[in-house]
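Chemist: My questions will all concern the structure given below.
The values are calculated or read from the model by the stated rules, or taken from the named source; none is laboratory data. Here the structure is a predicted model, which means the values were calculated and not measured. Neighbour counts run over all protein chains shown; Cβ positions are idealised from the backbone, glycine included. Calculation scope for accessible area: heavy atoms of the full protein, side chains included, ligands and nucleic acids excluded. Shrake-Rupley method; radii C 1.70, N 1.55, O 1.52, S 1.80 Å.
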Amino acid sequence: MTIITRKDFPEHFTFGVATSSYQIEGSTSADGRGPSIWDTFCREPGRISDGSSGDVACDHYRRWEEDLELISSLGVQAYRFSVAWPRVQPTGSGAINPLGLDFYERLVDGMLERGLDPYLTLYHWDLPQPLQDVGGWANRDTAFHFAEYARAVAERLGERVKSYATLNEPWCSSILSYQIGEHAPGLRDRKLALAAAHHLLLGHGEATKVLREVVPGAAIGTVLNLNAVTPATSSEQDAAAARFEDGAFNRWFLDPLLRGAYPADVWEAYGEDVPEVQPGDLETIRQPLDFLGVNYYSRSVVSADGQQQRPSESSYTDMGWEVYPQGLSDLLLRLKADYTLPPIYITENGAAYKDTLEGTAVHDTERVAYLQTHLAEVASAVRQGVKVNGYFAWSLMDNFEWAHGYSKRFGLVYVDYGDQQRVLKDSALWYRGLAGAKVPELA
């Protein structure tokens, strides 16, 4: 295994950790917060594997100071977090809840006091339920409500926030949520899903225009989850299947953002299900980006028969995802070759394993290896000319893992959900060493 150090990255490369609001905050009815689609989804029988919800999660809403101290102790330079739309605007339109904005102002000021750069994401899936009641992202109006919400956040937090990302993983909040049905609101309708995808991108464009107006000194971008896609064999049929998978998963979002058009091959394949694109929409979506966030976890190995391919020589995480570090550098180099890119941040990368607390330690050797090998691929891509400005480990701590509830642990920090104790795993100690702080000897 390649040994990497801080010297393998550019001098001003940012190391950080990432979380999202619904996964950690809890306090879902505190201080005027309204219901989100995830509050509703969690109460539908069978939706969450362990029957849990984000009602308490990591209790971050009350323990935020302790958690900022934890982040600071890791020696990282930045914290990527998301704002809960229903905490700021309980019905998704109209009145703003000042107590919700007060919380995020305290959080941002707390980061700055500790020398942490705030990297804010406006939407990490917790749509206000009243907007879903009238169609959610399948309703075009939601894009414009999102821009109003973006204005409220930016006017309060201003340029104290270094970086604003509009969306996190719009594939998940459209296709996974409206077509596959695994995430809230749990629908199974491709036409609605493609409408949702378009309106998410439109909302990104409208919000970007607002952010440029309100916080002209901040960096504005968005975050996509992208896969390296590989055909299962050298057959023409598998190559064609892989091309379509890449188009539906990656290019359907990359092309409008970076080229101002949907990919023609996928558009044709979707037939009557394609979204209604009004004049000016694609120009709005293709706002100049100060950065592109890339979330990478694994690759897709695709065959024409539609069966999931699991190479036997590979290892797998507790999510069943193949560990394939080379896919990250392959993906970054492909982006550089195919698109005119802004600077890139790896905004999420990490792995779930069956961690166990042994006394006061968690020896997560597999996660250490995962992080080390993937960061080595980032360094390789940088050496080959890809402008990557930073890396955010997913996640700071174990949390509510969506449809998997609390059964999957992605954190650098172990969370005991009974007493909310936080314990640094070996991966946290390793990452602290890479980020620049002195790492203690492992037990």
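Chemist: Within segment 319-417, list the trypsin sites (Lys or Arg not before Pro) lying in a DSSP loop whose Cβ has at most 13 other Cβ atoms in a 10 Å radius.
Modeler: Sites meeting the loop and neighbour criteria: K354.
Chemist: To continue, here is another question. Protein chains only, probe 1.4 Å: how do E206, E348 rank by accessible area, largest first?
Modeler: Ranked from most to least accessible, the order is E206, E348.
Chemist: Rolling a 1.4 Å sphere over the protein heavy atoms, what is the accessible area per residue of the chain, to the nearest Å²? Write down the numbers at each step before the final one.
Modeler: Working: 16570 Å² over 443 residues.
Value returned for the chain: 37 Å² of accessible area per residue.
Chemist: Compute log10 of I(q)/I(0) for the chain with the Debye formula, placing one identical point scatterer on every Cα and leaving out solvent, at q = 0.06, 0.10, 0.11 Å⁻¹, to two decimals.
Modeler: Log-scaled intensity ratios, in q order: -0.23, -0.67, -0.83.
Chemist: Of all accessible surface on the chain at a 1.4 Å probe, what whole percent is carbon and sulfur?
Modeler: It is 49 percent, rounded to a whole number.
Chemist: For segment 48-58, what does the Karplus curve 6.51 cos²θ - 1.76 cosθ + 1.60, with θ = phi - 60°, yield as ³J(HN,Hα) per residue in whole Hz, taken in order and with x for Gly and Pro?
Modeler: 10, 4, 9, x, 8, 8, x, 4, 10, 6, 9
Chemist: Just to be sure I understand: if I project the alpha-carbon convex hull of segment 129-261 onto a plane and average over all orientations, what area do I get in nm²?
Modeler: For segment 129-261, averaging the hull's shadow over all directions gives 9.3 nm².
Chemist: Oh, and also: Helix-derived [θ] at 222 nm for the chain: sum -39500 (n - 2.57) over DSSP H runs of at least 4, divide by residue count, nearest 500?
Modeler: Rounded to the nearest 500, the figure is -11000 deg cm²/dmol.
Chemist: Next question. Taking the Cβ-Cβ separation of R188 and E213 as r and a Förster radius of 35 Å, what is the calculated FRET efficiency to the nearest 0.05?
Modeler: 0.35
Chemist: Loop-only trypsin sites (Lys or Arg not before Pro) in segment 174-240, please: DSSP not H, G, I, E or B, and at most 14 other Cβ atoms within 10 Å.
Modeler: Hits after loop and neighbour filter: R188.
Chemist: Can you give me the C-alpha center-to-center distance between segment 215-248 and segment 280-329, rounded to a whole angstrom?
Modeler: Segment 215-248 and segment 280-329 have Cα centres spaced 6 Å from each other.
Chemist: On a straight-distance basis, which lysines could pair with K162 in a cross-link, Cα separation under 19 angstrom, same-chain partners fewer than 8 positions away excluded?
Modeler: List returned: K209, K387.
Chemist: In nm, give the distance between the simple-model label positions of E155 and D265, each being 7 Å from the Cα along the Cα-to-Cβ direction.
Modeler: In this crude label model, E155 to D265 measures out at 4.6 nm.
Chemist: Karplus couplings for segment 369-384 from phi (6.51 cos²θ - 1.76 cosθ + 1.60, θ = phi - 60°), rounded to Hz, Gly and Pro as x?
Modeler: Going residue by residue, I get 5, 4, 5, 5, 5, 6, 5, 4, 6, 4, 4, 4, 5, 4, 4, 8 Hz, with x marking Gly and Pro.
Chemist: Still on this structure: Quote the Stokes-Einstein diffusion coefficient, in whole µm² s⁻¹, for segment 232-353, based on the Kirkwood radius over alpha carbon pairs, a temperature of 20 °C and a viscosity of 1.002 mPa s.
Modeler: 131
Chemist: While we're here: Evaluate the distance, in nm, between pseudo-label points positioned 7 Å from the Cα of L112 and of T91 along their respective Cα→Cβ axes.
Modeler: 3.3
Chemist: Short version: ³J(HN,Hα) in whole Hz for each residue of segment 215-229, in order, from phi by Karplus 6.51 cos²θ - 1.76 cosθ + 1.60 (θ = phi - 60°), x for Gly and Pro, what are they?
Modeler: Those phi angles translate into 10, x, x, 8, 7, 10, x, 8, 10, 10, 8, 10, 10, 6, 10 Hz.
Chemist: Take the alpha-carbon centre of segment 95-116, take the same for segment 125-167, and report the distance between them in whole Å.
Modeler: Rounded to whole Å, the Cα centres lie 17 Å apart.
Chemist: So if R0 is 25 Å, what FRET efficiency would D133 and E283 give, r being the distance between their Cβ atoms, rounded to the nearest 0.05?
Modeler: 0.25
Chemist: Still on this structure: What nm value, rounded to one decimal, do you get for the distance between Y339 and S312 when each label is placed 7 Å out toward the C-beta?
Modeler: 3.7
Chemist: Over all alpha-carbon pairs in segment 279-415, figure out the percentage whose distance exceeds 23 Å.
Modeler: Counting pairs separated by more than 23 Å, the tail of P(r) holds 45 percent.
Chemist: Using amide H atoms built in the peptide plane, which far-off residues or other-chain residues are under 5 Å from N168 H to H?
Modeler: Y123, W125
Chemist: Next question, about the same structure. Taking Cα pairs under 8 Å and at least six residues apart, what relative contact order does the chain come out at, in percent? Display every interim value, and only then the final one.
Modeler: Values: 925 pairs, mean separation 80.1, N = 443.
This gives 18 percent for the chain.
Chemist: First measure r as the distance between the Cβ atoms of A361 and E272, then evaluate 1/(1 + (r/R0)^6) with R0 = 51 Å and state the FRET efficiency to the nearest 0.05.
Modeler: Details: r = 57 Å, r/R0 = 1.11.
Approximately 0.35, to the nearest 0.05.
Chemist: Hey, how many Å between the Cα centroid of segment 1-61 and the Cα centroid of segment 389-437?
Modeler: 10
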